[in-house]
1. Against the 2.2 N^0.38 Å scaling, with N counting residues, where does segment 83-202 land? I'd like the Cα-based Rg ratio to two decimal places.
2. Of the listed peptides 196-202, 309-315, what is their order by residue-averaged count of other C-beta atoms within 10 Å, with the highest listed first?
3. Could you sort the peptides 252-259, 46-53 by per-residue average Cβ neighbour count (10 Å cutoff), highest mean leading?
4. By how many nm would the segment from Arg319 to Val137 grow when fully extended, if each residue of separation counts as 0.36 nm and the alpha-carbon distance is taken off?
5. Would you kindly state how much longer the chain becomes between Leu110 and Arg247 on full extension, computed as 0.36 nm times their sequence separation minus their alpha carbon distance, in nm to one decimal?
6. Please give the FRET efficiency for Arg61 paired with Thr103, using the beta carbon to beta carbon distance and R0 = 56 Å, rounded to the nearest 0.05.
7. List the aspartates and glutamates whose alpha-carbon lies under 15 Å from that of Lys102, not counting same-chain residues fewer than 8 positions away?
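We did not get these values from a lab; they are worked out from the coordinates using the rules stated. What you see is a predicted model, and the numbers here were worked out from it, not measured in a lab. Here the Cβ positions follow ideal geometry from the backbone for every residue, glycine too, while neighbour counts run over all protein chains shown.
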Amino acid sequence: MNGKLKIAVAGLVLAGLAGSIWWLVRPSPDNGVLTLYGNVDVRQVSLAFNASERVATLTVREGDRVRRGQLLGTLDTRGATLELAQAEARQAASKQVLRRLKTGSRPEELAQARAALASAQAEDDDAGQQLARLNSVHAATAGKAVSQQDLDAAIARRQRARAARITADKALALAVSGPRDEDIAEADAQLRAAQAQTALLRYRLEQAQLTAPVDGVVRSRLLEPGDMASPQRPAYALALTDPKWVRAYVGEVDLGRLRPGMRAMVSTDSHPDQRLPGKVGYISSVAEFTPKTVQTDELRTSLVYEVRILVDDSRDRLRLGMPATVRLTPDAP
């Protein structure tokens with residue numbers, strides 16, 4: 001009896017083991033859900049100062065969250081500030097020169113020019129009268145009362161007085177007409193050049209501040225205060241918090257079941273019960289990991305294509321490189 005009992009028990013154990021194996025390897029019902037496995041991927045940005053100068057301050061470190069427009073660092077601006085002060089002074093001087101030219105002569109300058117012309121006219125009249133008297137006496141006395149030397153001196157004085165009168169008349173005309181249009185245009189061009197130089201220096205001062213272009217997380221801080229910054233040396237590496245996607249691969253057999261915009265659910269090992277909504281955003285048109293020329297059915301079925309599933313991660317649970325499971329229902333739009 002003991003032997004038969006042992007044989008019966010062994011048979012029951014074998015039957016139970018066979019049933020367990022069948023349960024594990026039985027074909028699963030086709031519920032239409034396509035499961036893919038991949039890793040989380042995000043975009044990254046290298047942030048560098050747009051100027052070459054010593055770093056003065058850096059305000060964030062690895063792991064800090066930053067917002068769009070947040071100040072991340074500054075450069076030493078003492079030299080640029082002094083250059084800007086010089087440019088502003090030159091701009092102010094050029095502005096006053098242009099204003100003076102456009103205003104023209106002052107009333108006092110016009111009065112002075114008229115007085116100088118009146119004085120030259122009086123001198124010219126007096127010299128003319130003196131020359132007339134000497135000529136009269138010289139003719140009446142046959143040159144005995146007035147020498148030729150005195151007569152020549154009077155003629156020269158009259159010529160100088162006449163030239164001075166003409167000069168004063170032209171000076172008054174210039175004072176009335178004001179500066180030439182060419183002088184005003186030159187002064188205007190110099191003012192615009194000074195304004196452009198001032199604007200350029202102000203722009204360079206603005207570039208001494210490094211701000212976050214988008215929301216993100218600081219992955220690495222590559223410079224420290226005192227380092228020499230340049231546009232070719234990044235100061236930070238920033239990981240964007242949006243968009244995020246899972247990079248997965250699908251075989252050629254299942255490729256026809258996918259289309260852009262298809263809804264998906266994404267889960268991770270750290271939060272297996274908390275699925276994140278997503279959608280198919282990109283399906284590669286090029287196969288990977290296989291030869292370019294496929295000649296057999298076996299190789300054709302091993303082709304894989306990259307798929308990117310965009311994920312709505314409002315609570316920022318996903319991290320770069322994190323393994324993720326994607327479940328898609330091809331029948332759902």
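1. Working: Rg = 25.3 Å, N = 120, 2.2 N^0.38 = 13.6 Å.
In units of the 2.2 N^0.38 Å rule of thumb, it is 1.86.
2. Working: 196-202: 15.3, 309-315: 17.6.
So the peptides 196-202, 309-315, ranked by packing, come out 309-315, 196-202.
3. Numbers: 252-259: 13.5, 46-53: 16.9.
Ranked by mean Cβ neighbours within 10 Å, highest first: 46-53, 252-259.
4. Values: separation 182, 0.36 × 182 = 65.52 nm, distance 11.86 nm.
Full-extension gain reported as 53.7 nm.
5. Numbers: separation 137, 0.36 × 137 = 49.32 nm, distance 8.38 nm.
The Leu110-Arg247 span can extend by a further 40.9 nm.
6. Working: r = 59 Å, r/R0 = 1.05.
Calculated transfer efficiency: 0.45.
7. Filter leaves Asp181, Glu182, Asp183, Glu186, Asp188.
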